[in-house]
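The values are calculated or read from the model by the stated rules, or taken from the named source; none is laboratory data. Just so it is clear, the structure is predicted and the values come from calculations on it, not from any experiment. Cβ placement follows ideal geometry from the backbone for every residue including glycine, while neighbour counts extend to all protein chains displayed.
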Amino acid sequence: MPEMYGLVPERRPVRMCLGCRKRFFKADLARHTLDAENNLKEDPEQIRPGRGFYMCGGEECRAKMQSVVLRAVKGRQRHER
């Protein structure tokens, strides 16, 4: 919104969905992390340690979930070497 109307745009954290690559408010996305055994864990409180990724939950994004997790696991394995 333009500031000339006396309105200030809402300031909330914004994150990108890894499935559709669209930006959403952080509170509107589901956060996921990988545990030590590379198992996918949903993080509803958004407080689990480690790098997490966000998904919006759309049909297209749910279909891409497996490939996103596989990419994350491969990245973690490369990093641990």
Checklist entry - On the given criteria, is residue 31 of a type in the set (Lys, Arg), in a loop (DSSP other than H, G, I, E, B) and either touching an Asp or Glu at 6+ places or on another chain (Cβ under 9 Å) or at positive phi (or both)? => result no
Checklist entry - Restricting to the stretch 31-59, what's the tally of residues that are out of contact with any helix residue (DSSP H, G or I) (no Cβ under 6 Å at 6 or more places or on another chain), under 20 Å from residue 14 (Cα atoms) and at pLDDT 85 or above? => result 17
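When only residues in the stretch 5-22 that are under 17 Å from residue 46 (Cα atoms) and of a type in the set (D, E, K, R) count, which is modelled with the lowest pLDDT?
Taking the stretch 5-22 as the starting set, the residues that turn out to be under 17 Å from residue 46 (Cα atoms) are 12-18.
In the following step, the residues that additionally are of a type in the set (D, E, K, R) were identified as 12, 15.
Numbers: 12: 89, 15: 93.
Result: 12.
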Next on the checklist: With the requirement that a residue be surrounded by 17 or more Cβ atoms within 10 Å (Cβ to Cβ) and not polar (S, T, N, Q), what does the stretch 31-51 give you?
Outcome noted: 31, 32, 34
Checklist outcome for this item: residue 41 fails exactly one of (1) over 10 Å from the mean Cα position of the chain (by Cα); (2) part of a strand (DSSP E or B); (3) over 20 Å from residue 74 (Cβ atoms), namely (3)
